[in-house]
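Here the structure comes first, spelled out in structure tokens, and everything after it is commentary.
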2 protein chains.
Amino acid sequence: MKYELYYWPEIQGRGEYVRLALEEAGAAYVDVARGPRGVATMMKMMDVQKGTPPFAPPFLKAGKLVIGQTANILLYLGARHGLALKTEAGRLWVHQLQLTITDFVVEIHDTHHPLGPSLYYEDQKAPAKKRTDEFWGERVPKYLGYFEQLLAANGGAYVTGRRPTYVDLSLFQIVEGLRYAFPKRMKTFEKGVPGLVGLHERVAARPNIKAYLASERRIPFNEQGIFRRYRELDR
Amino acid sequence: MKYELYYWPEIQGRGEYVRLALEEAGAAYVDVARGPRGVATMMKMMDVQKGTPPFAPPFLKAGKLVIGQTANILLYLGARHGLALKTEAGRLWVHQLQLTITDFVVEIHDTHHPLGPSLYYEDQKAPAKKRTDEFWGERVPKYLGYFEQLLAANGGAYVTGRRPTYVDLSLFQIVEGLRYAFPKRMKTFEKGVPGLVGLHERVAARPNIKAYLASERRIPFNEQGIFRRYRELDR
């Protein structure tokens, strides 16, 4: 079975957490919206009046199943491709961590869109600056400090132990994205989270991930995604 | 087994979605932080250096399991208490809908805290007004319109059919909360979502929920929770 991933074709965005899991697993998939008439197909699937139409991309078609919400897709893939723990307790724990990352991703997005997703960044620059200060002063230390601590408590290789889960792939993306969007702030901050910096390197060096990052399947960061580089928000 | 729920004792907040599920199920539980030294116990459980410390309340202790993240707790409870669909596809679908509600809850909270959760509302009144306008202009119609449509497509009783799931309980809370926080705006908006208004009534009339709402276990809405009534944000 070939998976079908549906996500906006020009950004990494929330789809990237799914792409990283599919790539690490070596799973066969099509990134549908990047192909011809792909966006139209994606929009049509969300417009279905019956059945289980997703609220928003990303969503994954796996045979007859259509699964929406990033963390929900990872819950499904994790169990099938050895990217989660196997016991019920372990599955719930890894999912819980992913949902915490999900919360963090919303806060990352809100740094440039504090007044809401429907307005342009250019119309909310002053509040974005305030929100970004609060984000780096309070929220980044709280979220990344939590994962740094878990990592240390579990041996230092990956968050839940010696083998990576989809949570580690997502944390790689968080570090990579914060480095892109806030190079100066992140450079300073990283000194306090050596464990996460090491995790980022370990994920980046995994053969499937390394090949993916060097391929055209990896969309470059840009100012339409979650992580945006606006000089005035960095310091 | 008696569940232990851990959540801030003075607000409904995110804990309320779990309380509603436990109450509808008639499950035995203790709302730990509302008892003597409960908050200290809760804080201690989050401070554990090993194991699976939750990032934030709410979390649920079920025997040896400690489960964090509202939607994750509901995923667990739903399967055990007949508050979700039974097939794998059904479980994922109900969870997906709950994660969409989770996203909406963040946006509800952001109406009064657009500059971030660490600052006071009083220090962000002007951006809160802008964010609230965008919320009612764009986001409420998008989210609640989606659920209204699902409801209609599935017969009109509950979102996934003739029996309620934890998603319906959460939607009850959303309607109840929006009525509390934005009485004027919601009164106008409700005319366009008769299905959700009916669902709200059906949930409120269920015997266990009705008894719960009339009890002291239900904390009244107030201006420390997700849904806050600030006259200047209503119209």
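The table below gives the values:
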read-out: Scope the stretch B:11-48; condition in contact with a Pro (Cβ under 6 Å, 6 or more places away or on another chain) and either modelled with pLDDT of 95 or more or farther than 19 Å from B:Thr70 by Cα (or both); matching residues; value: B:Arg14, B:Gly15, B:Val18, B:Ala33, B:Arg34
read-out: Strands (runs of 3 or more DSSP E) within the stretch B:6-115 that include 1 or more residues β-branched (Val, Ile, Thr); value: B:29-31, B:65-68
read-out: Filter pass, B:Gly90 being more than 11 Å from every other protein chain (Cβ to nearest Cβ) and out of contact with any strand residue (DSSP E or B) (no Cβ under 6 Å at 6 or more places or on another chain); value: no
read-out: Considering residues of the stretch B:182-235 that are of a type in the set (Asp, Glu) and either surrounded by 14 or more Cβ atoms within 10 Å (Cβ to Cβ) or not assigned by TED's automatic domain parsing to the domain that holds B:Leu169 (or both) only, the residue nearest to B:Tyr121 (Cα to Cα); value: B:Glu223
read-out: Residue count, the stretch B:100-136 (criterion: under 17 Å from A:His112 (Cα atoms) and among the charged types (D, E, K, R)); value: 5
read-out: Residue in the stretch B:130-149 that is without any contact (Cβ under 8 Å) to a residue 24 or more places away in the chain, over 30 Å from A:Thr111 (Cβ atoms) and surrounded by fewer than 20 Cβ atoms within 10 Å (Cβ to Cβ) present; value: yes
read-out: Filter pass, B:Phe172 being within 24 Å of B:Leu75 (Cβ to Cβ), without any contact (Cβ under 8 Å) to a residue 60 or more places away in the chain and assigned to a helix (DSSP H, G or I); value: no
read-out: Pairs with Cβ under 8 Å, 6+ apart, first in the stretch A:213-231 and small (Gly, Ala, Ser), second assigned to a loop (DSSP other than H, G, I, E, B) and surrounded by 15 or more Cβ atoms within 10 Å (Cβ to Cβ); value: A:Gly225/A:Ile11; A:Gly225/A:Gln12; A:Gly225/A:Gly13
read-out: Pick from the stretch B:38-48, criterion more than 10 Å from chain A (Cβ to nearest Cβ) and of a type outside the set (D, E, K, R), ranking: nearest to A:Leu74 (Cα to Cα); value: B:Met45
read-out: The stretch A:49-69, residues that are more than 9 Å from chain B (Cβ to nearest Cβ) and either modelled with pLDDT under 95 or under 22 Å from B:Arg139 (Cβ atoms) (or both); value: A:Pro57, A:Pro58
read-out: Output for the stretch A:138-156, where each listed residue is of a type outside the set (A, V, I, L, M, F, W, C), within 10 Å of another protein chain (Cβ to nearest Cβ), part of a helix (DSSP H, G or I) and closer than 25 Å to A:Glu201 by Cα; value: A:Arg139, A:Lys142, A:Tyr143, A:Tyr146, A:Gln149
read-out: Residue within the stretch A:40-62 that is crowded, with 18+ Cβ neighbours inside 10 Å, over 22 Å from B:Gly145 (Cβ atoms), of a type in the set (A, V, I, L, M, F, W, C) and free of Cβ contacts under 8 Å to residues at least 60 places away in the same chain present; value: yes
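Conditions tested, residue by residue: (1) closer than 23 Å to B:Thr102 by Cβ; (2) more than 14 Å from the chain's Cα centre (by Cα).
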{"position": "A:Val39", "(1), (2)": "no, yes"}
{"position": "A:Met42", "(1), (2)": "yes, yes"}
{"position": "A:Met46", "(1), (2)": "yes, yes"}
{"position": "A:Gln49", "(1), (2)": "no, yes"}
{"position": "A:Pro53", "(1), (2)": "yes, yes"}
{"position": "A:Gln69", "(1), (2)": "yes, no"}
{"position": "A:Asn72", "(1), (2)": "yes, no"}
{"position": "A:Leu75", "(1), (2)": "yes, no"}
{"position": "A:Arg80", "(1), (2)": "no, yes"}
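The values are calculated or read from the model by the stated rules, or taken from the named source; none is laboratory data. The structure presented is a predicted model; accordingly, all values stated were derived computationally and were not measured. Heads up, the Cβs are rebuilt from the backbone with ideal geometry, glycines too, and the neighbour counts pull from every protein chain shown.
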